[in-house]
Amino acid sequence: MDKPLQLLDESFSRVLAIVAHPDDLEYGTAAAVARWTAQGKQVVYCLATSGEAGIDGIEPERCGPLREAEERAGAALVGVDTVEFLGYPDGVLEYGLDLRRDIARAVRRHKPDAVITGNHHETWSPGVYNQADHIALGRAVIDGVRDAANRWVFRELADEGLAPWRASQILVPWSPIATHAVDVTDTFDAGVSSLRAHSEYLRGLGDSDAMSDPEEFLAALARPVGASIDTRYGVAMEVITSD
């Protein structure tokens, strides 16, 4: 059994979630988002791509708008009203200055206390390799959050009326080096519903894919938290302190 993780300090009020694809947040993190919006925290979603290359049987021109609609529907189920798309191409996302600038711009506009991103490490667990878009996006978020606080990086953002902003921390759900977790026992079902909103994507996976059953997959993903390891669902988090 996994070692219980420390409970995350949730003394933040504004969260900006920046991930690569529709459904990235729904595979586990949405239950934490539901907890936070129920507490009155403001959460905004920002997605680098529209996930247009994510369903084999649907061409990208149709798939992108469909997946954007599913993302907005899933977000609404956990209390998120603002969902933005940066328009980068799915499947070939590259770390670079343009992506860092757009991330810094989003941070300065939304002024979050905490930023969430996806796993930026090469693996999820030993022998389970991460996807290239996730790695590129996660690393760009770490740097873009830092850029947002530096007035001398991307100076053109000041011309747009966007003053420097320092987020206090970056949270990385399902990182292989997670040390903390959010107890989502009470909002687990909301997280499942949020993932089920991605119906076309789940259908495209096929019944044989372990990720196609939202409740079963999310239950298996959950980590023990604190003392009550038999009764709690926890979303594991790596915590990066912004400097």
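Quick one: in segment 1-22, which of the residues that are charged (D, E, K, R) and over 26 Å from A148 (Cβ atoms) is most open to solvent (accessible area, probe 1.4 Å)?
That would be K3.
Within segment 5-26, count every residue that is touching a Pro at 6+ places or on another chain (Cβ under 7 Å) and either over 22 Å from H121 (Cα atoms) or among the β-branched types (V, I, T) (or both).
2
With the structure loaded, tell me whether G161 is of a type outside the set (V, I, T), closer than 19 Å to G96 by Cα and open to solvent by less than 70 Å² (accessible area, probe 1.4 Å) or whether it fails that test.
no
Kindly indicate whether any position in segment 166-174 is among the hydrophobic types (A, V, I, L, M, F, W, C), closer than 21 Å to G91 by Cα and in a helix (DSSP H, G or I).
There is no residue in segment 166-174 that is among the hydrophobic types (A, V, I, L, M, F, W, C), closer than 21 Å to G91 by Cα and in a helix (DSSP H, G or I).
Could you list, in sequence order, the residues of segment 118-134 that are within 16 Å of the chain's Cα centre (by Cα) and open to solvent by 30 Å² or more (accessible area, probe 1.4 Å)?
Hits for segment 118-134 are H121, W124, Q131, A132, H134.
Would it be correct to say that V115 is touching a helix residue (DSSP H, G or I) at 6+ places or on another chain (Cβ under 9 Å), without any contact (Cβ under 8 Å) to a residue 40 or more places away in the chain and surrounded by 19 or more Cβ atoms within 10 Å (Cβ to Cβ)?
no
Can you give me the number of residues within segment 165-182 that are out of contact with any helix residue (DSSP H, G or I) (no Cβ under 8 Å at 6 or more places or on another chain) and within 21 Å of T37 (Cβ to Cβ)?
The qualifying residues number 5.
Of A48, A106, A132, A148, which residue is hydrophobic (A, V, I, L, M, F, W, C), within 24 Å of G28 (Cα to Cα) and out of contact with any strand residue (DSSP E or B) (no Cβ under 7 Å at 6 or more places or on another chain)?
Of A48, A106, A132, A148, the one residue that is hydrophobic (A, V, I, L, M, F, W, C), within 24 Å of G28 (Cα to Cα) and out of contact with any strand residue (DSSP E or B) (no Cβ under 7 Å at 6 or more places or on another chain) is A132.
The values are calculated or read from the model by the stated rules, or taken from the named source; none is laboratory data. Everything numeric in this text was worked out from a predicted model, so none of it was measured. A quick note on method: Cβ atoms are made from the backbone with ideal geometry, for glycine too, and the neighbour counts reach across all protein chains shown. Calculation scope for accessible area: heavy atoms of the full protein, side chains included, ligands and nucleic acids excluded. Shrake-Rupley method; radii C 1.70, N 1.55, O 1.52, S 1.80 Å.
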